[in-house]
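*Asks:* Here it is, the structure, as structure tokens.
The values are calculated or read from the model by the stated rules, or taken from the named source; none is laboratory data. Worth saying up front: this structure is predicted, and the values here are computed from it rather than measured. Counting neighbours? That spans all protein chains shown, and the Cβs are built from the backbone with ideal geometry, glycine included.
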Amino acid sequence: MKFKPEKYRLPDVSMQPFIDEDEIMEIIANARPDREKVLAVINKSLEKNRLNLEETAILLNATDPDLVALIKQGARSLKEKVYGKRIVLFAPLYVGNYCSNNCRYCGFKASNTQAIRKTLTKDELIANVKALEEHGQKRLILVFGEHRLYSADFIAETVRTVYAVKKDHGEIRRVNINAAPFDIEGFRTVKEAGIGTYQIFQETYHRPTYAKCHTSGRKSDYDYRLTALDRAMEAGIDDVGLGALFGLADYRFEVLALLRHVNHLEACYNVGPHTISFPRIQDASDYDLDDQFAVSDEEFTRLVAILRLAVPYTGLILTARESRVVRNEVLAYGCSQIDAGTKLEIGAYAEDPSVDQNLHKEQFKINDDRTLNEIIDELLDGDYLPSFCTACYRKGRTGQHFMEFSVPGFIKKFCTPNALLTLAEYIVDYASPSTAEKGWKVIELNLKQMNDLQSESMVRERIERIKSGERDLYF
């Protein structure tokens, strides 16, 4: 039977559920990939057009090694065309691990009696932010357990505190949030603190699996969580991040559901998500799930390439859950943002010797514990351009305004110059001598590749100002 999307598709109405499992499963069942179809889908993406669910399913069902190679090469070409060699760097800062939910895959869950609960005091928060600044971090994502302690007012005050911390030339210029969903008024409160992206992961879009994994707490309400970013948009937060935790359900279903979520936000608010995240299940304290839907390295690297083709202009975030080997591979054809120098234990960045870091156990295990300088050093070796740029957020290029710049591809004229300026800051203030030497070579190479003498001259002039002590110069 020929698939008829109108048979299932739920209408896109703001703050109303929009995932139809039958629709997604039938799209997967009816996708029949061959070389001609796969090439046609890839070519559509290379023209910087977003893929629909049926086209994405063709790529998801293409497991022949030759077809997978085509998909990855297509993703590599698209990433270089849209993003160039830039890789945006950030760090997560866990503020508190109290939680009222029971998520079977998470060490923070309320029923985990082994967890010792901790919320950073204001002084501890400041100490950790200073420690991050001393290493050169400029972008943070603050992570909170889902608990009444972490109200919208508490998160907003935490954000204001972080922005106020200055250490020598160090400062945090963008604070993103990963926390519980709020009502519209709660999101407005957080927005007023000047946040960047508000990130909420559905974890799994498969409703029966969701019910199995989330047994109590507010998070057990699938629809409330699914529509959370609608409420954020209604509150004026036009910079949001989606995510699914791969390994809970069929990864093909989750990829298509993420794309369906993109469609929903674009239909209702005329702007899609700023970022998509795709963490894989890792072991955690009191972990309580089987591995029926575990995602292999081969499947994971392929789904990242497919996401890159499906949403050409959406940032893809890769976390330190993944090993160095996997991270290095998917950087080439998928991801535009990674964390670096990551520590997940509450208060670990300040490295207070009086604190037993084993007390406040992490939410999950990480597999890449390289320092920020080590990661920058390796990015430079790979001819990447490390970036701490926050210009779009502070110039108001977010939401629909961002899409107006990025979708036609014009964003490059801002991103590459700003990446060069933030890298120059890092080199002058924080880099080891060997990293600095590599960094200046990469900056010079990128300057020569700009093919715009006026822009090149303007960037060179600002780099000289940075060398003379000025900071926070951007286009």
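*Asks:* Kindly provide the set of residues from segment 438-475 that are part of a helix (DSSP H, G or I), touching a helix residue (DSSP H, G or I) at 6+ places or on another chain (Cβ under 9 Å) and charged (D, E, K, R), ordered by number.
*Replies:* Selection gives 438, 441, 448, 456, 460, 462, 467.
*Asks:* Let me ask something additional. Assess whether residue 252 counts as being under 22 Å from residue 66 (Cα atoms), crowded, with 22+ Cβ neighbours inside 10 Å and among the basic types (Lys, Arg).
*Replies:* So residue 252 fails the test.
*Asks:* Out of 257, 232, 294, I need the residue that is in contact (Cβ under 8 Å) with a residue 24 or more places away in the chain, over 30 Å from residue 31 (Cβ atoms) and of a type outside the set (S, T, N, Q). Which one?
*Replies:* Answer to the selection: 232.
*Asks:* Which one is surrounded by the fewest Cβ atoms within 10 Å (Cβ to Cβ) among residues in segment 20-51 that are touching a residue at least 60 places away in the same chain (Cβ under 8 Å) and polar (S, T, N, Q)?
*Replies:* The extreme case among them is 49.
*Asks:* Mind counting the residues in segment 157-183 that are under 25 Å from residue 279 (Cα atoms) and either over 19 Å from the mean Cα position of the chain (by Cα) or among the small types (Gly, Ala, Ser) (or both)?
*Replies:* Number satisfying all stated conditions: 3.
*Asks:* For the list (1) closer than 19 Å to residue 337 by Cα; (2) part of a helix (DSSP H, G or I); (3) not polar (S, T, N, Q), I need the number of the one condition that residue 141 fails.
*Replies:* (2)
*Asks:* If residue 66 meets every condition in (1) of a type in the set (Asp, Glu); (2) in contact (Cβ under 8 Å) with a residue 60 or more places away in the chain; (3) in the same structural domain as residue 28 (by TED's automatic domain parsing) apart from one, which number is that one?
*Replies:* (2)
*Asks:* Do we find a residue being more than 24 Å from residue 20 (Cβ to Cβ) and touching a His at 6+ places or on another chain (Cβ under 7 Å) anywhere in segment 192-210?
*Replies:* Within segment 192-210 (the criterion being more than 24 Å from residue 20 (Cβ to Cβ) and touching a His at 6+ places or on another chain (Cβ under 7 Å)), the answer is yes, since at least one residue qualifies.
*Asks:* Condition first: at pLDDT 95 or above and more than 18 Å from residue 150 (Cα to Cα). Now tell me which residues in segment 104-133 satisfy that.
*Replies:* Passing the criteria: 127, 128, 129, 130, 131, 132, 133.
*Asks:* Separate question: Restricting to helices (runs of 4 or more DSSP H) lying wholly in segment 1-82: which have 1 or more residues that are under 23 Å from the mean Cα position of the chain (by Cα) and closer than 24 Å to residue 209 by Cβ?
*Replies:* The helices (runs of 4 or more DSSP H) meeting that bar are 53-60.
*Asks:* OK, next. Suppose we keep only residues that are in a helix (DSSP H, G or I) and surrounded by fewer than 19 Cβ atoms within 10 Å (Cβ to Cβ) within segment 379-404. Which one would you say is modelled with the highest pLDDT?
*Replies:* Step by step, filter segment 379-404, then rank; the result is 381.
*Asks:* For residue 126, indicate whether it is hydrophobic (A, V, I, L, M, F, W, C), closer than 30 Å to residue 385 by Cβ and either buried (at least 23 other Cβ atoms within 10 Å of the Cβ) or without any contact (Cβ under 8 Å) to a residue 60 or more places away in the chain (or both).
*Replies:* So residue 126 fails the test.
*Asks:* While we're here: In segment 425-473, what residues are of a type in the set (Ser, Thr, Tyr), farther than 17 Å from residue 87 by Cα and in contact (Cβ under 8 Å) with a residue 24 or more places away in the chain?
*Replies:* 430, 432, 434, 455
*Asks:* While we're here: Pick out, from segment 221-312, the helices (runs of 4 or more DSSP H) lying fully within it that include 3 or more residues that are out of contact with any helix residue (DSSP H, G or I) (no Cβ under 8 Å at 6 or more places or on another chain).
*Replies:* The helices (runs of 4 or more DSSP H) meeting that bar are 251-269.
Residue by residue, here is whether (1) under 23 Å from residue 371 (Cβ atoms); (2) polar (S, T, N, Q) holds:
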{"residue": "430", "(1), (2)": "yes, no"}
{"residue": "433", "(1), (2)": "yes, no"}
{"residue": "436", "(1), (2)": "yes, no"}
{"residue": "440", "(1), (2)": "yes, no"}
{"residue": "449", "(1), (2)": "no, yes"}
{"residue": "452", "(1), (2)": "no, no"}
{"residue": "458", "(1), (2)": "no, no"}
{"residue": "463", "(1), (2)": "no, no"}
{"residue": "468", "(1), (2)": "no, yes"}
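*Asks:* A further question follows. Condition check: free of Cβ contacts under 8 Å to residues at least 60 places away in the same chain and either under 21 Å from residue 255 (Cβ atoms) or of a type in the set (Phe, Trp, Tyr) (or both). Does residue 17 satisfy that?
*Replies:* In short, no.
*Asks:* Among the residues of segment 130-156, which ones are under 20 Å from the mean Cα position of the chain (by Cα), closer than 11 Å to residue 179 by Cα and not aromatic (Phe, Trp, Tyr)?
*Replies:* Those that are under 20 Å from the mean Cα position of the chain (by Cα), closer than 11 Å to residue 179 by Cα and not aromatic (Phe, Trp, Tyr): 141, 142, 143, 145, 146, 155.
*Asks:* Hey, among 215, 161, which residue is modelled with pLDDT under 95 and either surrounded by fewer than 23 Cβ atoms within 10 Å (Cβ to Cβ) or of a type outside the set (Gly, Ala, Ser) (or both)?
*Replies:* 215
*Asks:* Could you grab me the full set of residues in segment 83-101 that are in a loop (DSSP other than H, G, I, E, B) and at pLDDT 95 or above?
*Replies:* If the condition is that a residue be in a loop (DSSP other than H, G, I, E, B) and at pLDDT 95 or above, then 97, 98, 99, 100, 101 are the ones that fit.
*Asks:* I would also like to ask the following. Kindly evaluate residue 319 against the criterion of being polar (S, T, N, Q), more than 18 Å from residue 53 (Cα to Cα) and either in contact (Cβ under 8 Å) with a residue 12 or more places away in the chain or not assigned by TED's automatic domain parsing to the domain that holds residue 103 (or both).
*Replies:* yes
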